[in-house]
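One structure is given below, encoded as structure tokens.
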Amino acid sequence: MKSILLTAVSFFLLFTAPVSGTEIRQERVQFKPGETGATINGKIKGDQIVDYLLRARAGQKLVVSLETKNTSTYFNVLPPGEDTAIFIGSTSGNRFEGNAPKDGDYTVRVYLMRNAARRGATASYTIRIAVTGDSQRP
């Protein structure tokens, strides 16, 4: 029984561990005074990932759009403190519009699909991120 459990745990760790060589860069998104959004030009190659962090309050509207010529480039949106995305670009497209479910730092993760990452593909992109509207606070 112990060996079966150990094998199962080893198998789980092997397939859920980050891919060796994956580089995740974090950047805080700051809006200019009086503005509710920002436009960012970026570039990724291979296994690189960029996490754009932005603060939003529950009820505020998040709008994210991505433009790129590389059709293997996508983004996900992750709520504060969670690993499960509320938007997955590879299945939903390159535009997200929705209300923030809770207060905190949201992550907009830009990445290349695995097939392109393995080839060492490069993608230049423009991402627009906006947070608008009032929160649900009284």
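The values are calculated or read from the model by the stated rules, or taken from the named source; none is laboratory data. As the structure is a prediction and not an experimental result, all values here were calculated from the model. Glycine gets a Cβ as well: all are built from the backbone with ideal geometry, and neighbour counts include every protein chain shown.
Looking at the stretch 21-58, which of its residues are closer than 16 Å to THR132 by Cα, at pLDDT below 95 and polar (S, T, N, Q)? Reasoning before the result, please.
Our first condition is that a residue be closer than 16 Å to THR132 by Cα; within the stretch 21-58, this holds for 29-39, 53-58.
Still in the list and also at pLDDT below 95: 30-36.
Result: GLN30, THR36.
With (1) within 19 Å of GLU23 (Cβ to Cβ); (2) free of Cβ contacts under 8 Å to residues at least 40 places away in the same chain as the list, and GLY98 as the residue in question, which single condition is left unmet?
Among (1) within 19 Å of GLU23 (Cβ to Cβ); (2) free of Cβ contacts under 8 Å to residues at least 40 places away in the same chain, the lone unmet condition for GLY98 is (1).
Would you say VAL50 is β-branched (Val, Ile, Thr), buried (at least 19 other Cβ atoms within 10 Å of the Cβ), farther than 21 Å from ALA117 by Cα and in contact (Cβ under 8 Å) with a residue 24 or more places away in the chain? Before the answer, list the steps.
Numbers: β-branched (Val, Ile, Thr): yes; buried (at least 19 other Cβ atoms within 10 Å of the Cβ): yes; farther than 21 Å from ALA117 by Cα: no; in contact (Cβ under 8 Å) with a residue 24 or more places away in the chain: yes.
Considered against the rule, which asks whether it is β-branched (Val, Ile, Thr), buried (at least 19 other Cβ atoms within 10 Å of the Cβ), farther than 21 Å from ALA117 by Cα and in contact (Cβ under 8 Å) with a residue 24 or more places away in the chain, VAL50 comes out as no.
Tally the residues that are within 16 Å of LEU54 (Cα to Cα) and either within 16 Å of the chain's Cα centre (by Cα) or assigned to a loop (DSSP other than H, G, I, E, B) (or both), restricting the search to the stretch 100-133.
Start the filter on the stretch 100-133 by keeping residues that are within 16 Å of LEU54 (Cα to Cα), which leaves 100-110, 127-133.
Subset that is either within 16 Å of the chain's Cα centre (by Cα) or assigned to a loop (DSSP other than H, G, I, E, B) (or both): 100-110, 127-131, 133.
Residues meeting the conditions: 17.
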